[in-house]
1. Taking 0.36 nm per intervening residue step and subtracting the Cα-Cα distance, what contour gain separates H260 from W229 on full extension?
2. Could you please state how large a percent of the accessible area of the stretch 268-411 is carbon and sulfur, counting protein chains only and using a 1.4 Å probe?
3. Express the accessible area of the stretch 301-374 per residue in Å², computed with a 1.4 Å probe while the remaining protein chains stay in the model.
4. Sorted by packing (mean other beta-carbon atoms within 10 Å per residue), highest first, where do 231-244, 48-61 land?
5. Using a Gaussian network model on the chain with a 10 Å cutoff between Cα atoms, which of G362, G144, G29 fluctuates the most?
6. Could you tally the net charge around G115, taking each other residue with its Cβ under 14 Å from the Cβ of G115, Lys/Arg +1 and Asp/Glu -1?
7. Report the Cα centroid-to-centroid distance between the stretch 44-93 and the stretch 102-132 in angstrom, as an integer.
8. Could you give me the percent of Cα pairs per 5 Å distance bin for the stretch 208-305, shortest bin first, beginning at zero and ending with the bin that holds the maximum distance?
Amino acid sequence: MTADLIFIVQALAILVLPVAVWRGLRLRGVVPLVVVQILVGIALGPTLFGRIAPESYNALFNPRTLTPLWGVASIAVLLFGFVTGLHLEPRSFVGRGRAFAAVATASVAVPTAAGFLGGLWIIARQPAELGEWVSPVGYATAIGICIGVTALPVLGAILREMDLLGRRIGDLALGIAAVNDAALWLLLGALLTVLAGEAPESPGVFVSLLGLPVYLAIMVWGVQPLLRWSATALLRDGRMSERALAAVCAVALGSALLTHLIGLHYIFGAFIAGALMPQELRKPLLDRLQIVTVGVLMPFFFMLTGLRTLIDLGSTGFLEILLVTTALAVLGKVGGTAVAARLTGEPWANALGLGALVQTKGLMELIVLTILLDRGIITTNAFSALVLMAVLSTMLAVPLTRLALRQSWEAAVGSAARPVAPATMQTPSD
């Protein structure tokens with residue numbers, strides 16, 4: 001098989017198989033498509049395909065044939081970071097009041113703190129999981145960030161499938177997810193900055209510490225005003241031309257280059273570029289980029305994630321990391337969010353439903369894990385366990401939310417009322 005033919009076969013498997021499985025098994029409304037895409041990527045990796053048909057696996061996924069996939073996946077991750085930043089609108093979390101601020105803060109702080117303690121426990125139990133140059137505190141902080149992740153794009157897809165977009169619980173969940181995303185990138189950026197001096201082939205901690213504020217100043221006081229000034233010229237009748245799109249993407253690439261040079265991951269720069277984009281440019285950019293990025297390019301990243309994931313159920317380290325992080329991810333997110341929401345006046349059912357929604361992780365978790373693995377902060381064993389944790393927690397989001405909202409509906413209308421499908425029901429506060 002020629003290189004071109006192998007790439008076409010790989011692309012067909014990457015794009016077609018997940019959708020075929022999702023629709024063939026009638027999983028729509030049960031699990032998000034992104035979960036199936038991740039699972040198919042894992043199945044095509046060494047965990048399943050590599051064991052069942054090692055010769056075919058090595059022919060299709062050897063280092064030479066993977067080179068084109070790495071290029072596509074790198075562009076996908078960069079554009080996904082940019083698209084995620086475009087979704088981060090200040091109005092999602094500014095001016096919502098003290099109650100919202102308390103719930104959003106608890107939604108980040110409780111699972112992250114629980115994950116930090118879980119990371120220390122993992123190192124105490126499995127010292128081999130600690131890299132040569134990473135401190136226990138740095139490793140535990142990385143685990144805490146992984147536990148605290150909420151995937152805003154996947155949450156939006158779940159809310160659409162459950163018909164909760166535009167309703168109070170859906171709006172609250174999106175706002176909390178926006179705060180989670182902002183906090184996630186701040187924490188991850190801080191961690192990478194602190195660890196930059198210890199990492200091999202890094203520019204040094206002083207370069208990162210001095211370079212980060214300079215970079216942010218350039219973006220906030222230089223690039224953002226320039227984009228606002230040129231917004232009218234970039235749009236024609238509310239639409240963005242090909243040249244304008246290329247110019248804006250060049251800004252994202254330049255921002256990614258700067259963060260890479262100061263020792264941070266390039267996706268951090270792409271995210272900042274999206275977050276600072278003027279409001280009038282966001283929708284045209286999302287119309288142009290989101291579908292192709294999430295629907296066409298990101299599955300290539302899922303494939304490479306699967307190729308790096310080896311589920312070893314015979315490893316006690318793998319099982320311990322998986323069980324501990326999954327328990328902390330679900331209980332920390334659901335519990336922390338639900339208790340805070342209840343203390344601010346939400347009924348228990350709505351509070352639990354809100355917590356179940358924001359513990360969604362999906363592909364945002366894979367991005368974070370890839371950054372941590374590439375920087376040598378976590379091992380391949382921990383990476384594999386945390387990938388599976390992300391899948392399990394995301395799969396639980398829909399059934400847990402439906403269970404909570406069913407209790408909310410029954411409490412509001414009584415047992416004599418005619419049942420309504422959970423996916424389309426109104427919550428009592430709607």
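The values are calculated or read from the model by the stated rules, or taken from the named source; none is laboratory data. These figures come from a predicted structure and were not determined experimentally. Please note: Cβ atoms are built from the backbone with ideal geometry, for glycine as well, and neighbour counts cover all protein chains shown. Ligands, DNA and RNA are stripped out before the accessible areas are found, and what is left, the full protein with its side chains, is counted by its heavy atoms. Shrake-Rupley method; radii C 1.70, N 1.55, O 1.52, S 1.80 Å.
1. Taking 0.36 nm per residue and subtracting the Cα distance, the gain is 8.5 nm.
2. Carbon and sulfur: 69 percent of the exposed surface of the stretch 268-411.
3. For the stretch 301-374, the per-residue accessible area is 29 Å².
4. 48-61, 231-244
5. G29
6. +1
7. 26 Å
8. Whole-percent P(r) values from 0 Å outward: 2, 12, 21, 22, 18, 13, 9, 3, 0.
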